[in-house]
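The values are calculated or read from the model by the stated rules, or taken from the named source; none is laboratory data. Bear in mind that the values here come from a model prediction, so they are computed numbers and not experimental data. Here the Cβ positions follow ideal geometry from the backbone for every residue, glycine too, while neighbour counts run over all protein chains shown.
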Amino acid sequence: MKRKILIGLAAILALLVGVVLWGVFIGSKRSPSQTIAFSQAGVDLKVTYCRPFKKGRLIFGEKDAGALVPFGKYWRLGANAATEITFGKKVSFSGKPVEAGTYRMYAIPGPQTWQVVLNSQVGKWGAFEPDHAKDVVTVAVPAHPADSETEQFTISFAGDPAAARMDFVWDKTAVHVAIAPL
């Protein structure tokens, strides 16, 4: 009897380990994670996020139209875990001061303007909205037509001697956030 119980527990444990390993090594490949670092103009930045694919879907738009990321709703700026940004020193984030540190970064997209938010609640799964009482800064930035259609969501950086620019590009939409040292 004890042997059957032990065999049953071992089978359940093996199944649980298999599910976890599948999720980590296979399931997460659908929206692979990426960490990008940028250092220029006196600003050291690092962003960790997951990169979903378009796969023929309507990405940004009205909820009634079936958009994956509906206008006016929370979006974690990627997939899987919450997107996080780290600043090596105090910066101006689209004109608003932000202390050095790591923040959860999310957006509320709109047809012409996006709200990009930094939140102090880090290390959380991204599908769930953060505690908005922990929002540190919210900036409004214009959304632009992208130069070309982009299949996989991408965050990138560009810069000049005075400032850096963080770009969000997916589908036919591009958003730029200015970041400068303070």
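Some observations on this one:
- Among the residues of segment 94-112, just one is of a type in the set (S, T, N, Q) and surrounded by fewer than 15 Cβ atoms within 10 Å (Cβ to Cβ), namely Q112.
- Condition check for A127 on (1) modelled with pLDDT under 95; (2) crowded, with 16+ Cβ neighbours inside 10 Å; (3) of a type in the set (G, A, S): one failure, at (2).
- Taking the conditions (1) more than 18 Å from Y49 (Cβ to Cβ); (2) without any contact (Cβ under 8 Å) to a residue 60 or more places away in the chain in turn, V91 satisfies each one other than (2).
- Scanning segment 83-97 for residues that are under 23 Å from W125 (Cα atoms) and either over 19 Å from the mean Cα position of the chain (by Cα) or β-branched (V, I, T) (or both) gives T83, I85, T86.
- Evaluated against (1) among the hydrophobic types (A, V, I, L, M, F, W, C); (2) in contact with a Phe, Trp or Tyr (Cβ under 7 Å, 6 or more places away or on another chain); (3) part of a strand (DSSP E or B), L77 falls short on exactly one condition, (3).
- Residue pairs whose Cβ atoms lie under 6 Å apart, sitting 6 or more positions apart in sequence or on different chains, and linking a residue in segment 156-182 that is over 15 Å from F38 (Cβ atoms) to a partner that is of a type in the set (F, W, Y) and modelled with pLDDT of 95 or more, are W170/F153; T173/F60; V175/W114; V175/F168.
- Only one of the listed residues (V69, V91) is within 21 Å of A178 (Cβ to Cβ) and buried (at least 18 other Cβ atoms within 10 Å of the Cβ). That residue is V91.
- Count of segment 35-56 residues which are without any contact (Cβ under 8 Å) to a residue 60 or more places away in the chain, closer than 20 Å to Y106 by Cβ and part of a loop (DSSP other than H, G, I, E, B): 0
- Being buried (at least 16 other Cβ atoms within 10 Å of the Cβ), in contact (Cβ under 8 Å) with a residue 40 or more places away in the chain, out of contact with any Asp or Glu (no Cβ under 6 Å at 6 or more places or on another chain) and in the same structural domain as I85 (by TED's automatic domain parsing) holds for only one residue in V139, V122, and it is V139.
The rows are residues; the columns are (1) under 13 Å from the mean Cα position of the chain (by Cα); (2) without any contact (Cβ under 8 Å) to a residue 24 or more places away in the chain; (3) within 23 Å of A164 (Cα to Cα).
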{"site": "A79", "(1), (2), (3)": "yes, no, no"}
{"site": "G101", "(1), (2), (3)": "no, yes, yes"}
{"site": "R104", "(1), (2), (3)": "yes, no, yes"}
{"site": "T113", "(1), (2), (3)": "no, no, yes"}
